[in-house]
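Right, one structure below, let's go through it.
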Amino acid sequence: MLSPAPVRLLSTLSKRKMSSPPKDITIIGGGIIGCCTAYFLTRHPSYSPETHRITLLEASTSNAGGRTPDSITDPATLADPETASKRNPAHDGIAGGASGKAGGLLALWAFPQSIVPLSFKLHDELAKEYGGDKRWGYRRCYASQIDCQARLPPGFSSNGTNGKDTGETDPVSSGAEHGSKGLHKDHKKEIKALQKLGAPEDLDWLDTEEALTAYEGMGTPENTAQVHPELFTRSMAQLAEEKGVKIVTGARVTSINKTADGKSVESVTYEKDGKEERLPTTDCVVAAGPWTRRLLPEIPVTAARAHSVVIKTPKPVSAYALFTSIMLPVGFPTPTPKDSRGAPGAQRPLRGQQIVEPEIYARPDGTAYACGPTDDIVELPQTTAEVEVDVARCEDIIYQVGGISDDLGKDGQVLAKQACYLPQGGPYIGPVGHTKGLVVAAGHTCWGIQNAPATGKLVSEIILDGKPKSARLGGCDPSLVL
Ligand SMILES: Cc1cc2nc3c(=O)[nH]c(=O)nc-3n(C[C@H](O)[C@H](O)[C@H](O)COP(=O)(O)OP(=O)(O)OC[C@H]3O[C@@H](n4cnc5c(N)ncnc54)[C@H](O)[C@@H]3O)c2cc1C
């Protein structure tokens, strides 16, 4: 028999939930920010499926956009072929953008510092609670910056007279030019000023003897970790759905509608299967990543395209995230210039040296991920399903990482060539202007995977407690730019 005390406690709790005002919460965007928001709303102490209806609307119905047709479509099959897909139902369309095509690095040394420590801790707690090591590839890792000298790929020679030479003049390659910058370049220290520590022995998948010219440790397992972003995002969606969130894919929001007095959110309008639908909404979270400005023009989030590849290595590679600076020699395939479209298979040889900075992340599923620089020659399309991949830019990355590692080059197998849009300018997290119920969570730059759990938790507090409680918004507060 239950003692009177727990009975009283239970009835107090249920009264509290009953007394919290009913809410119709709509989350726009099925990337990592929208899915983490959905998850943390359902884990908030005041959440009740009886009084809070939560709907997540995602514009796309497919994750195939932004990947070449020969790319793998389901990374879960690599991580854990037996069970991963069952535990992370595909929800095609969820994580179809940057949240499915990012590197997945997490770090206590990321920015902005007002939310980083909370988010790093939440990642750790989520991984412990749900077996994130198996389910979404969570592990602690090292991060390093390396200077390398690339070798020429087969078929290219230093006199530039191989069959790939198109005979055009090379506008970018005189001397050792800085051809492209890495995404996390703000963290790169001047390597010459740092003590050279020598490469650790387990970095055996890098051709250290021939390629490495300088090495500097940046992060250790104490302060650095990683996830597979697509699997993590799908898991958050799945865990939120289990507690009552309704996920609707193929639902592109076209407007956020206010009450007649203009003071509160009243509904959102979205298009699905060619029909227009209206969803009553008291609280609307705009988590549309690089698309945010199309719904909230006052929030200055911009978009830049970035390409990446996934390579299966002959053996699992040790847990390093590498911020590279690679010197390409004369005769190396010329990287596609930032402001022009590439021509697949037609990279002419470089006439001078050039430095590039692809980032390489070893993953526990027997692959390595590498990404290149951003470009802005193709405007953000309407949905993730229509993202255009420039195969030549993927080939650039493949040549460059293959020039410093046989495991990533001649002995590796390219599994995916992909592109997505990086949201820039923020992050912005919090109420938008004076419209009651309107909240933004977007613009997370190159640290959106790292900062998604804190963002989701803070948004859940803003909606259900009226203010953020677990961390200060600091520079993320949208009122600073409105
Ligand atoms: C190459 C690359 C590498 C990266 N590496 C890392 C890393 O190592 N670590 C890290 O922390 N971060 C990394 N990032 C950054 C990270 O990927 C992003 O910050 C993060 O994924 C942004 O998530 P999001 O949910 O805001 O946006 P998105 O993932 O773009 O999701 C937004 C979603 O909103 C949907 N949407 C848009 N408009 C509408 C609408 N009107 N109606 C309905 N749905 C809509 C879109 O379809 C999309 O699915 C990387 C980014 C890139 C590009």
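The values are calculated or read from the model by the stated rules, or taken from the named source; none is laboratory data. Everything numeric here is computed off the predicted structure, so don't read it as measured data. Every residue, glycine among them, receives a Cβ derived from its backbone with ideal geometry; neighbour counts consider all protein chains shown. Heads up: the accessible areas ignore ligands, DNA and RNA and are worked out on the full protein's heavy atoms, side chains in. Shrake-Rupley method; radii C 1.70, N 1.55, O 1.52, S 1.80 Å.
Just a few scattered comments:
- Estimated inter-spin distance, residue 273 and residue 302, nm [label 7 Å along Cα→Cβ]: 4.0 nm
- Under 5 Å between amide hydrogens, built in the peptide plane, is the criterion, and for residue 215 it picks out 147, 197, 198 among residues at least 5 positions away or on other chains.
- Under the shape rule built on the C-alpha gyration tensor, where the axes satisfy a ≥ b ≥ c, the range 243-385 is prolate, since a/c reaches at least 1.5 and a/b is greater than b/c.
- Residue 52 accessible area, assembled protein chains, probe 1.4 Å, Å²: 10 Å²
- Highest average first, the peptides 216-225, 447-456 ordered by how many other beta carbon atoms sit within 10 Å of their residues are 447-456, 216-225.
- Here's how it looks for residue 440: its modeled amide H is under 5 Å from those of 286, 430, 432, which are all 5 or more places away or on a different chain.
- Per residue, the solvent-accessible area of the range 328-463 (1.4 Å probe, heavy atoms of protein chains only, all protein chains present) comes to 29 Å².
- 3J(HN,Hα) along the range 128-135, derived from phi through the Karplus expression 6.51 cos²θ - 1.76 cosθ + 1.60 where θ = phi - 60°, amounts to 5, 5, 10, x, x, 4, 7, 6 Hz, with x in place of Gly and Pro.
- Computed over neighbours whose Cβ is under 15 Å from that of residue 361, the net charge equals 0, Lys and Arg +1, Asp and Glu -1.
- Per DSSP, loop GluC sites (Glu not before Pro) in the range 361-428 with at most 10 further Cβ within 10 Å: 379
- Centroid-to-centroid, using Cα positions, the range 205-229 and the range 417-431 are 25 Å apart.
- What the phi angles of the range 381-389 give under the Karplus curve with 6.51, -1.76 and 1.60, with θ = phi - 60°, is a coupling list of x, 6, 9, 4, 5, 9, 5, 8, 9 Hz, glycine and proline written as x.
- Residues of the range 365-380 with amide N under 18 Å of the 7 Å Cα→Cβ point at residue 202: 365-369
- Relative packing of 252-261, 399-408, 131-140, which averages over residues the other C-beta atoms within 10 Å, highest first: 399-408, 131-140, 252-261
- Centre-to-centre separation between the Cα atoms of the range 367-390 and those of the range 262-285: 29 Å.
- Inter-site label distance for residue 377 and residue 70 at 7 Å from Cα along Cβ, in nm: 2.1 nm
- Protein accessible area in the range 191-322, 1.4 Å probe - carbon and sulfur %: 47 percent
- Integer Hz, Karplus 6.51/-1.76/1.60 couplings in order for the range 56-73, x for Gly and Pro: 10, 9, 10, 5, 8, 10, 9, 9, 6, x, x, 10, 5, x, 8, 7, 5, 9
- By accessible area, using a 1.4 Å probe on protein heavy atoms only, the range 334-395 has 47% of its surface on carbon and sulfur.
- Carbon/sulfur fraction of accessible area - the range 401-452, other protein chains in place, 1.4 Å, %: 51 percent
- Sites residue 411 and residue 149, calculated FRET efficiency, Cβ-Cβ separation with R0 25 Å, nearest 0.05: 0.80
- Per-peptide packing, taken as the mean over residues of other Cβ atoms within 10 Å, places 239-251, 306-318 in the sequence 306-318, 239-251 from highest down.
- Near residue 139, the amide H atoms lying under 5 Å from its own belong to 226; only residues 5 or more places off or on other chains count, and H is placed 1.01 Å from N.
- Distance between the 7 Å Cα→Cβ label points at residue 261 and residue 472: 3.4 nm.
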